[in-house]
Amino acid sequence: MFTEPMHGPVAQSIFWIWLGFIAVGAVAYLVYRLLRPRMKARKPPPPPPVKYAEQLRQRMRKKSLHAGSIPPESAGASRKPPSSTK
């Protein structure tokens, strides 16, 4: 039921193997932490958000350039609401 604890060269070998695993893991973690900010810095910042109306205006201009005519700036403007008369 009970076994004797290991001693001698076998126990020492197992100890050094586990200590090696822990040391390699700690060094790998430190290298990862030091290099991680540099990896993030290489990415260009995302472009600022563009309103849907501006995206649509750009798409319409690209389409019209292929068709041959350029729409005026006010082409994307909303219409006036009908005037109410009482």
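The values are calculated or read from the model by the stated rules, or taken from the named source; none is laboratory data. Keep in mind that this is a model prediction, so the values were computed, not measured. Cβ placement follows ideal geometry from the backbone for every residue including glycine, while neighbour counts extend to all protein chains displayed. In case anyone asks, the SASA skips ligands and DNA or RNA and just uses the protein heavy atoms, side chains included. Shrake-Rupley method; radii C 1.70, N 1.55, O 1.52, S 1.80 Å.
Residue under question is residue 14, and the condition is that it be open to solvent by 100 Å² or more (accessible area, probe 1.4 Å) and modelled with pLDDT of 90 or more; does it hold? Criteria not met by residue 14.
State which residue pairs qualify: first residue open to solvent by 90 Å² or more (accessible area, probe 1.4 Å) and inside segment 49-61, second residue part of a helix (DSSP H, G or I) in any location, beta carbons under 8 Å apart, and separation of 6 or more residues or different chains. Short answer, once both residue conditions are applied: 60/75; 60/76.
Annotation note: of 30, 35, the sole residue that is modelled with pLDDT of 90 or more and either assigned to a helix (DSSP H, G or I) or in contact with a Ser or Thr (Cβ under 8 Å, 6 or more places away or on another chain) (or both) is 30.
All conditions but one from (1) part of a helix (DSSP H, G or I); (2) modelled with pLDDT under 85 apply to residue 55; the one that does not is (2).
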